[in-house]
Amino acid sequence: MKAITNRKATHDYTIIQKFEAGISLTGTEIKSIRNGAINFKDSFAKIKDGQCWLMNFHISPWENAGVFNHETERPRRLLLHRQEIRRMQSKVDELGMTIVPLNIYINDQGRCKLTIALAKGKKTYDKRDSLQQKDMARDKERSLRREG
């Protein structure tokens, strides 16, 4: 399975630092993730009582589970080292940063991993600037392809 990315995160936030975290999941949740039935909309991570929790992350119910299915948007625990959690907590408290999920994937050992990032929110004019730069880079690439 290839990674499922949160494209909105790079549009809305400036990414400062990335972390890789494991996720504590139930059986039906991992099966839904393998099917790609997830949604990053409005999801974020928060640190509470020395643990990192993923909030508002939607994993659709697995169709074959029956009554033993999972809650779609329950808080899910992220598995990180204590030092990483402390480092993130200090940045969030001091600098007002946000912890956003960037992508989710299944690694070679079959474990589900989530890439999260410390991010700073972009202003509207920053979003316009980044879109304009992408357009200019795309136009430059097209012209080089046409000439060469």
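Worth pointing out:
- Here is the list for the stretch 18-95: GluC sites (Glu not before Pro) lying in DSSP coil, each with at most 16 other C-beta atoms within 10 angstrom of its C-beta, are 63, 71, 73.
- Label-point gap, in nm, between residue 105 and residue 48 - each point 7 angstrom along Cα→Cβ: 3.0 nm
- Within the chain, helix-based [θ] at 222 nm, where runs of 4 or more DSSP H residues each add -39,500 (n - 2.57), nearest 500: -11500 deg cm²/dmol
- Net lengthening on full extension, residue 147/residue 113 (0.36 nm per residue, minus Cα-Cα): 8.0 nm
- Neighbour net charge for residue 41 - beta-carbon separation under 13 angstrom, K R +1, D E -1: -1
- Each peptide in 54-62, 121-129 receives the mean, over its residues, of other Cβ atoms within 10 Å, and ordering these scores from highest gives 54-62, 121-129.
The numbers here are math on the coordinates, done by the rules we state, and not lab data. Keep in mind the model is a prediction, meaning the values are calculated, not measured. So basically every Cβ, Gly included, is an ideal-geometry build from the backbone, and we count neighbours across all protein chains shown.
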